[in-house]
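Visitor: Have a look at this one before I ask anything.
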Amino acid sequence: MRWTAFMWEGASRAFNHRPTFTNLVLVLGAASSGGLVAYADSNSDDVVGKPQGPPKKKIVVLGTGWGGTTFLRNLDSRLYDVQVISPRNYFAFTPLLPSVTCGTVEPRSVVEPIRRILEKKGGDIKFWEAECFKIDSSNKKIHCRSNIGTNLDGNGEFLVDYDYLVIAVGARSNTFNTPGVEENCFFLKEVEDAQKIRRNVMDCFERASLPYLDEEERKKNLHFVVVGGGPTGVEFAAELHDFVTEDLSKLYPSIQHLVKISLIEAADHILTMFDKRITEFAEDKFGRDGIDVKTGYKVVKVAKDAITMQNPATGDIAVPYGMAVWSTGIGTRPFISEFMKQIGQGKRRVLATDEWLRVRECDGVYAVGDCATINQRRVMDDISEIFRVADKDNSGTLTVKEIQDVLDDIYVRYPQVELYLKSRQMNGIADLVRTAKGDAEKESVELNIEEFKKALSLVDSQVKNLPATAQVASQQGQYLARCFNKMKDAEENPEGPIRIRGEGRHRFRPFRYRHLGQFAPLGGEQTAAQLPGDWISIGHSTQWLWYSVYATKQISWRTRALVISDWSRRFIFGRDSSCI
């Protein structure tokens, strides 16, 4: 009692006013912990009285995929109030999903809990496991729904307001409204998809081993169909072939000769985004491995027991199958489609952003990854303004020197100009001017507005959409985080190119994708790689390059160690064939 009375008297003097219930709680807490917080709390009035800085702007991030996670890892979270919303509480290394389908890599080896990533960042970053189902950009609010809990209304819905919204929700598989795909096919977009495929592969083998089935039923159950000849479909077909020949053939020797893998592609070749040399090698290798590659076939219907495909030469063909994996491209998520209609982009396939990743017709909304595409500004839309900016002496004509003075800014704002010069093997703007003037040879030659338009008329042919890959999303997330980190400084010291329409410079340089190469694992410890500089590498040595790159790109040392140990286990013990 004496100790408590002493603490109460001293604390009352420190607070300099009559004891209250709140102060009593503070003092009793201090007494219970040895009085260590009594002095700190005694100055609480001074802390409250100090002037507070302006409230932090709130950034809401939708999604924990490549774009969203890379943005969060690079953002200076001390500058903003950051809130993350996603229906999954982890980041998945999606390029290894085909390996997960066949037990080469375990599912938990390719995922990292998002809260662990945020913990390493420090700061007060909030995460909610929920999905967004509506964006209200006019009021800067998003409507969310949680599947793991409910509010007082019992529907698990809640509202979140924002100052800046970063949409990084990725995309869903595109079925092209083909009948029966949703009901009968497997997709390969999420970790859960890979786990379902793995279990179903083993179910097909176990079902084909039952004693009461005839030969045709066994063949049907062991016919695996992959629809889509892109990188994901090709890699899955290769992984499945290795799984069958290296592991399952030993466990199911009586039926292994009945296994058939078919790869169906509507185009004339598989891997059309790769160099022709890689495409030809992949088709030849699959032919040697016994994988049936059907190019020029379009799937028009998927029933429970048969896939119907169409070819101009053969007409409709119905093929029985045991399992079908659909990997034909990406589609827009429903709530993104609704959002696009609200902002006047209803006729587009994905969200349109400018070169700074800002969603067009929206304030404070950004989009990265597969859910969006950059709508590159075209030179011919601004040709008159470009001429005006370059014509500093208002003479009505441009010299090569005047164009040269603004050329660097034009390259940054309109990258298609530089790409066009390179594609035509031109050394510079002088060569481009020469083509417009015909016989011009001197740099002092002058162009009027019509000749300037003629010189740049074909430049916009070089505008291309970025591929929907993890590499693009990751670079966009990193770029956007850098912009947010420097936003305050860039207001005073803009670092971007001159504004063609308006005064001054843009705050930031536009986003530019840097292609670092792409891989296509083809099975049998052989991989094809297309790297910058038109370097093509195919074979066993490239497989080891693939191992090193994918191990290096893991998001944490934990996943890096797990993936490498899974690869080592597979080399020593083979793949796991249990239905788990």
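The values are calculated or read from the model by the stated rules, or taken from the named source; none is laboratory data. Remember, predicted model here, so these are calculated numbers, not experimental data. Cβ sites come from the backbone with ideal geometry, for glycine too, and all protein chains shown count toward neighbours. Accessible surface areas use protein heavy atoms only, side chains included; no ligands, DNA or RNA. Shrake-Rupley method; radii C 1.70, N 1.55, O 1.52, S 1.80 Å.
Visitor: Answer with yes or no whether Ala266 is surrounded by fewer than 20 Cβ atoms within 10 Å (Cβ to Cβ), assigned by the TED database to the domain that holds Pro532 and at pLDDT 95 or above.
Guide: Here the answer is yes, as Ala266 does meet what is asked.
Visitor: For region 428-452, enumerate the residues that are at pLDDT 70 or above, touching a strand residue (DSSP E or B) at 6+ places or on another chain (Cβ under 8 Å) and not in a loop (DSSP other than H, G, I, E, B).
Guide: Val433, Glu446, Leu447, Phe452
Visitor: Ser577 is checked against (1) open to solvent by 50 Å² or more (accessible area, probe 1.4 Å); (2) modelled with pLDDT under 95; (3) under 20 Å from Ala238 (Cα atoms) and fails just one. What number does that condition carry?
Guide: Here Ser577 meets the rest and fails (1).
Visitor: Only one of Arg145, Arg115, Arg218 is over 28 Å from Tyr366 (Cβ atoms) and either in contact (Cβ under 8 Å) with a residue 60 or more places away in the chain or not hydrophobic (A, V, I, L, M, F, W, C) (or both); which?
Guide: After applying the criteria, what remains is Arg218.
Visitor: Within region 527-537, how many residues turn out to be in contact (Cβ under 8 Å) with a residue 12 or more places away in the chain and either part of a loop (DSSP other than H, G, I, E, B) or closer than 16 Å to Val293 by Cβ (or both)?
Guide: Residues flagged as in contact (Cβ under 8 Å) with a residue 12 or more places away in the chain and either part of a loop (DSSP other than H, G, I, E, B) or closer than 16 Å to Val293 by Cβ (or both) within region 527-537 amount to 3.
Visitor: I've got another one for you. Which condition from (1) at pLDDT below 50; (2) in contact with a Phe, Trp or Tyr (Cβ under 9 Å, 6 or more places away or on another chain); (3) of a type in the set (A, V, I, L, M, F, W, C) is the one that Ala40 breaks?
Guide: (2)
To keep it simple, each residue is scored yes or no on (1) out of contact with any Pro (no Cβ under 7 Å at 6 or more places or on another chain); (2) of a type in the set (A, V, I, L, M, F, W, C); (3) within 17 Å of Val100 (Cα to Cα); (4) at pLDDT 95 or above.
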site	(1), (2), (3), (4)
Ala473	yes, yes, no, yes
Arg482	yes, no, no, yes
Glu491	yes, no, no, no
Pro510	yes, no, no, yes
Ile538	yes, yes, no, yes
Tyr550	no, no, yes, yes
Thr559	yes, no, yes, yes
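Visitor: Which numbered condition in (1) open to solvent by 20 Å² or more (accessible area, probe 1.4 Å); (2) assigned to a helix (DSSP H, G or I); (3) hydrophobic (A, V, I, L, M, F, W, C) is the only one that Ala473 fails?
Guide: Ala473 satisfies every listed condition except (1).
A quick yes/no check of all residues on (1) open to solvent by 40 Å² or more (accessible area, probe 1.4 Å); (2) not assigned by the TED database to the domain that holds Val61:
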position	(1), (2)
Asp284	yes, yes
Asp289	yes, yes
Val299	no, yes
Met309	no, yes
Gly344	yes, no
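Visitor: So which residues in region 353-394 are free of Cβ contacts under 8 Å to residues at least 12 places away in the same chain and in the same structural domain as Glu446 (by the TED database), if there are any at all?
Guide: Of region 353-394, the ones free of Cβ contacts under 8 Å to residues at least 12 places away in the same chain are 358, 381, 388, 391, 393-394.
Across region 353-394, the qualifying residues are Asp381, Arg388, Asp391, Asp393, Asn394.
Visitor: Check whether at least one residue in region 148-165 is within 25 Å of Ala468 (Cα to Cα) and either open to solvent by less than 10 Å² (accessible area, probe 1.4 Å) or in contact (Cβ under 8 Å) with a residue 12 or more places away in the chain (or both), and report yes or no.
Guide: Yes; the residues of region 148-165 include at least one that is within 25 Å of Ala468 (Cα to Cα) and either open to solvent by less than 10 Å² (accessible area, probe 1.4 Å) or in contact (Cβ under 8 Å) with a residue 12 or more places away in the chain (or both).
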